[in-house]
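The values are calculated or read from the model by the stated rules, or taken from the named source; none is laboratory data. In this text the structure is predicted, and so the values were computed from the model without any measurement. Using ideal geometry, Cβ is built from the backbone for each residue, glycine included, and neighbour counts are taken over all protein chains shown.
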Amino acid sequence: MSENTALTELANFVGRSSLASPDMAVRNRALAGMTQRMLPRKRGVGDLLGVVLALSSRTRRMVQEPVRIDLDVFAPGGKRAVDLIFGDR
């Protein structure tokens with residue numbers, strides 16, 4: 001029964017995208033907006049500096065020794081309450 005309902009809904013589907021508009025001017029504006037967002041934009045000095053800083057911080061993290069944190073939490077009865085392990089043991 002639910003399959004028939006889903007098929008009926010699909011058959012009655014009406015596209016509301018501006019690409020489905022019968023008006024060519026509206027459709028062309030929608031296409032132009034999509035292609036404009038996909039084209040590479042001219043990057044400034046700030047963008048270049050951001051990329052350099054991101055790469056240098058990644059390189060610095062790769063060279064450093066991994067951090068190891070041991071955290072033991074005990075319940076009032078003396079049993080271990082929480083055991084968190086980050087990374088290799």
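Scan the stretch 7-41 for residues that are over 29 Å from the mean Cα position of the chain (by Cα), at pLDDT below 85 and either among the β-branched types (Val, Ile, Thr) or in a helix (DSSP H, G or I) (or both) and jot them down. Residues satisfying the conditions are Leu7, Thr8, Glu9, Leu10, Ala11, Val14. One residue stands out in the stretch 42-89 among those that are surrounded by 10 or more Cβ atoms within 10 Å (Cβ to Cβ) and in a loop (DSSP other than H, G, I, E, B): the one that is modelled with the lowest pLDDT, namely Phe86.
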